[in-house]
Each structure stands twice: as C-alpha cells, then as structure tokens.
Amino acid sequence: MKTVLTFVLIGALFAAPAYAGTNADACKPDIEKYCKDVKPGGGAMNDCLKQHASELSPACTQLRQTAKDKVDAFTQACGTDIKTHCGGVHRGGGRIVQC
C-alpha cells in the first residue's frame with residue numbers, strides 16, 4: 001500500500017499545476033535530459049528519475065527527497081483512513097488523494 005501511495009502522490013506532485021513554477025523546475029532539466037521520451041502516468045516518470053538517481057542534479061535530488069518525506073508523513077498520518085474509507089478506490093490518477 002505504501003509503495004502504491006508513494007507513486008500516486010509523487011505522480012500527483014509532478015502533474016499538479018501548482019507544481020509548475022515552483023522549485024519543481026529543479027527537475028525540469030533532468031527530465032528533459034534523461035526522461036524526455038517517457039510518457040507520464042502510472043509512475044513512469046518517477047521510475048525514470050529513480051533509474052537516473054545518481055546522475056540527477058542536487059536540486060532535483062533535494063526536491064525528490066522533500067516529496068518522499070511528505071509522502072511518508074502523509075502515509076503515516078492517513079494510512080489507516082485510506083484503508084478504512086478508500087479501500088475500494090482504484091489506485092492511480094490521483095483517486096486516492098481525492099478520496
């Protein structure tokens with residue numbers, strides 16, 4: 001569950017309009033360099049960045065760590081509620097977050 005939720009939230013973070021124009025731009029050059037042919041969705045972008053983790057810029061690495069820390073905090077705080085209230089919700093596309 002935690003792994004799935006991690007991908008859902010990180011995917012939402014990379015896709016969210018609020019993400020654009022913030023320090024999220026830190027990963028833009030890395031995405032263009034290493035993942036330009038990756039179609040976003042289903043955790044594909046996260047998988048690509050993870051495969052290139054040792055090559056990413058320090059700013060992108062920090063952004064990804066911050067996102068992971070937020071996902072971990074969310075999972076710890078809301079994991080039981082997600083299981084209780086969203087157990088039947090199909091994962092992906094931000095549906096767990098909306099639930």
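Observations on the structure shown:
- Neighbours of G43, meaning other residues whose beta-carbon lies under 12 angstrom from its beta-carbon, give a summed charge of +2 when Lys and Arg score +1 and Asp and Glu score -1.
- Overall form of region 29-99 per C-alpha gyration tensor (a/c, 1.5; a/b vs b/c): oblate
- Cross-link reach list, lysines versus K83, counting only Cα pairs under 25 Å and skipping chain neighbours closer than eight places: K2, K68, K70
- Ranked by solvent-accessible area (1.4 Å probe, protein heavy atoms only, all chains present), the residues I96, I31 order from largest to smallest as I31, I96.
The values are calculated or read from the model by the stated rules, or taken from the named source; none is laboratory data. Predicted, not measured: the structure shown is a model, and the values here were computed from it. As a convention, Cβ positions derive from the backbone with ideal geometry for all residues, glycine included, and neighbour counts pool all protein chains shown. Surface areas here come from the heavy atoms of the whole protein model, side chains and all, with no ligands, DNA or RNA. Shrake-Rupley method; radii C 1.70, N 1.55, O 1.52, S 1.80 Å.
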